[in-house]
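The values are calculated or read from the model by the stated rules, or taken from the named source; none is laboratory data. Owing to the predicted nature of the structure, the values given are computational and were not obtained by experimental measurement. When we count neighbours, we look across all protein chains shown, and the Cβ atoms used for this are built from the backbone with ideal geometry, even at glycine. These accessible areas exclude ligands, DNA and RNA; they are computed on the full protein's heavy atoms, side chains included. Shrake-Rupley method; radii C 1.70, N 1.55, O 1.52, S 1.80 Å.
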Amino acid sequence: MAEPWRDVLRDAGAVREAAAVAVDAALLAGGLMRAGEQPRASAVVNYAPFTLLPSAVPRALFEQAYAVQQDFNLLVDAISQNKEFLQQTLASTIKVDDFTAQLFGIYKQVLEEGLAQTVFLGINRSDYMFDCGVDGSAALKQIEINTIAASFGGLTSRTADVHRLVLKVLGKTKEASRLLPNNPSQGLALGIAKAWELYGSQSAVVMFLVEEVQRNIFDQRCVELELWNRNIRVIRKRFRDVFEKGSLDGSRRLYIDGQEVAVVYYREGYVPQTYDQQNWEARLLLERSRAVKCPDIATQLAGTKKVQQELSRPGTLEKLLPGHPEAVARVRATFAGLYSLDEGEEGDRIAATAIADPERFVLKPQREGGGNNLYGEELRQVLEKVKDSPERTSYILMDKIKPQPTMNYLLRAHSPLQVSECISELGIFGVYVRQGQEMVLNEAAGHLLRTKATEHADGGVAAGVAVLDTPYLV
């Protein structure tokens, strides 16, 4: 892949000057996070970490990722409506993974009672890396699709302007003009606003369901501000508030503190640590309600790693997207090798292959939020331990993607300015709204590029590993 900034990287003085400008520009633009020492208040903030220079991304792969996003929106929605597929696919996982089993239990309970919800809102982010073949050519390969709390659509809206200024400071005005505009927070808010409108109550609110500790609050505020600008009222609540103050009326309308809730936008609820008994009860109350959940529990299950692995089996996509052969081909072209570790001959063979050659693979548990995957020696040790136990079915195995590293500076508060060997991951935000069986909105809503030093195998921006970036198309 082309390295457009080679000359800049050799000029230490220019780099120091540009970095000072970049940090101030990021603060000025609102690319902010709460500081680690005071994560519950906005009295102390710092800039969200980012690259000094935008990273080169192959234009053809960038366009491919955008072109397939509406297909992925349709696919996620189709999975969420297919009870038989979810039941069969997750049957082995729910026996050994308590968290997925709890989610599935609520899913079944809500279906048995009958869905009160008639409008469905999906906000997802499909993440990719650029796999470098032996001949040096790059291919777009999907890492995962996030169907709950897909973050950084707000802060990444601020990053391109910072990089545009940095390039100008470095005398690269022409290159600066080539950076694409990008505002996912606007697209995400458009989907939430459409769902709110179709819910049909002007006085009802949008509820952001948020964590107890919210370091990444400004990312959420970007979306929130877009909704306020449309005169849509937003409240922020935690599971604890739902448990203590939430209720359903006879029509299963959801009320919190006496306010009717039209849309529940989850920025929480994707890791087991979130849930105690009270929070599980709160989740059930939300799922039973008529409110539009983003995501509803079926859509959260559609984002599990086990579902991702099952989609790669021959014939599965054709069953889920009948009559859409072009969409099936576009989706399948992005898949890396994915393998089941279910009990039986196939799982035995795959486990043995990975133990013998762990550097070829990534071992993935059914978890969101980054920092959960296993590589190399750690992968081998875990598989050795669980290879003869049903516990291995709580994981899937994926071919390790090998991108071409590039050099960049990763700007972090209180960290020295030094050049790093880096790899990048491209995410495309997707938004869809379905009313009954009619798809009323289906769009790609913007992109997110995250970059990290090659010494880190796993982890995103919130985990303190990756930093925000902007694609420079080559």
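Within the range 142-175, the set of residues being within 14 Å of Gly427 (Cβ to Cβ), surrounded by fewer than 22 Cβ atoms within 10 Å (Cβ to Cβ) and among the small types (Gly, Ala, Ser) comprises Ser151 only. When the range 1-13 is filtered for residues that are crowded, with 16+ Cβ neighbours inside 10 Å, outside any helix (DSSP H, G or I) and among the aliphatic types (A, V, I, L, M), only Met1 remains.
For first residues located in the range 385-403 and closer than 18 Å to Glu310 by Cα and at pLDDT 90 or above, partners that are of a type in the set (S, T, N, Q) and surrounded by fewer than 24 Cβ atoms within 10 Å (Cβ to Cβ) and lie 6+ apart or on another chain with Cβ distances below 7 Å do not occur.
Restricting Tyr265, Tyr275, Tyr255 to residues that are among the hydroxyl-bearing types (Ser, Thr, Tyr) and closer than 14 Å to Lys293 by Cβ narrows the list to Tyr265.
In summary, strands (runs of 3 or more DSSP E) completely within the range 402-455 and bearing 2 or more residues that are closer than 30 Å to Ala195 by Cβ and assigned by the TED database to the domain that holds His163 occur at 419-435, 438-453.
Scanning the range 222-235 finds one or more residues that are part of a strand (DSSP E or B) and without any contact (Cβ under 8 Å) to a residue 60 or more places away in the chain.
Is it the case that the range 67-82 has a residue that's under 30 Å from Val134 (Cα atoms) and surrounded by fewer than 17 Cβ atoms within 10 Å (Cβ to Cβ)? Yes; the residues of the range 67-82 include at least one that is under 30 Å from Val134 (Cα atoms) and surrounded by fewer than 17 Cβ atoms within 10 Å (Cβ to Cβ). Taking Arg240 as the residue in question, decide whether it is out of contact with any Phe, Trp or Tyr (no Cβ under 6 Å at 6 or more places or on another chain) and either crowded, with 23+ Cβ neighbours inside 10 Å or in a loop (DSSP other than H, G, I, E, B) (or both). Judged against the criteria, Arg240 is not a match.
Return the residue satisfying two criteria in turn: it lies in the range 181-215 and is among the aliphatic types (A, V, I, L, M) and open to solvent by 30 Å² or more (accessible area, probe 1.4 Å), and of such residues it is farthest from the chain's Cα centre (by Cα).
Pass one, the range 181-215, residues among the aliphatic types (A, V, I, L, M): 188-190, 192-193, 195, 198, 204-207, 209-210, 213.
Narrowing the set further to residues that are open to solvent by 30 Å² or more (accessible area, probe 1.4 Å) leaves 190, 198, 213.
On the way: Leu190: 18, Leu198: 25, Val213: 19 Å.
Filtering the range 181-215 for residues that are among the aliphatic types (A, V, I, L, M) and open to solvent by 30 Å² or more (accessible area, probe 1.4 Å), the one farthest from the chain's Cα centre (by Cα) comes out as Leu198.
Can you work out which of the residues in the range 86-125 that are under 23 Å from Ala149 (Cα atoms) and of a type in the set (Asp, Glu) is most open to solvent (accessible area, probe 1.4 Å)? Top of the filtered list is Asp98. Can you confirm whether Ile232 is modelled with pLDDT of 95 or more, open to solvent by less than 10 Å² (accessible area, probe 1.4 Å) and over 22 Å from Arg434 (Cα atoms)? Against the criterion (modelled with pLDDT of 95 or more, open to solvent by less than 10 Å² (accessible area, probe 1.4 Å) and over 22 Å from Arg434 (Cα atoms)), Ile232 does not qualify.
Here are Ala60, Ala48, Ala56, Ala41: which of them is open to solvent by 60 Å² or more (accessible area, probe 1.4 Å) and within 30 Å of Thr470 (Cβ to Cβ)?
Numbers: Ala48 fails: open to solvent by 60 Å² or more (accessible area, probe 1.4 Å); Ala56 fails: open to solvent by 60 Å² or more (accessible area, probe 1.4 Å); Ala41 fails: open to solvent by 60 Å² or more (accessible area, probe 1.4 Å).
Matching residue, one of Ala60, Ala48, Ala56, Ala41: Ala60.
In the range 146-160, the residues that are on the phi > 0 side of the Ramachandran plot and in the same structural domain as Gly30 (by the TED database) reach residues that are hydroxyl-bearing (Ser, Thr, Tyr) and open to solvent by less than 10 Å² (accessible area, probe 1.4 Å) with C-beta atoms within less than 7 angstrom, at least six apart or across chains, in these pairs: Ala149/Tyr266.
Within the range 377-399, can you find the residues that are open to solvent by less than 30 Å² (accessible area, probe 1.4 Å) and in a strand (DSSP E or B)? Those that are open to solvent by less than 30 Å² (accessible area, probe 1.4 Å) and in a strand (DSSP E or B): Ile396, Leu397, Met398. In the range 400-443, the residue that is farthest from His163 (Cα to Cα) out of those that are β-branched (Val, Ile, Thr) and surrounded by fewer than 16 Cβ atoms within 10 Å (Cβ to Cβ) is Val440.
Going by the structure shown, is Arg178 out of contact with any Pro (no Cβ under 7 Å at 6 or more places or on another chain), basic (Lys, Arg), surrounded by fewer than 21 Cβ atoms within 10 Å (Cβ to Cβ) and not in a helix (DSSP H, G or I)? Outline the logic, then answer.
Details: out of contact with any Pro (no Cβ under 7 Å at 6 or more places or on another chain): yes; basic (Lys, Arg): yes; surrounded by fewer than 21 Cβ atoms within 10 Å (Cβ to Cβ): yes; not in a helix (DSSP H, G or I): yes.
Spelling it out, Arg178 is indeed out of contact with any Pro (no Cβ under 7 Å at 6 or more places or on another chain), basic (Lys, Arg), surrounded by fewer than 21 Cβ atoms within 10 Å (Cβ to Cβ) and not in a helix (DSSP H, G or I).
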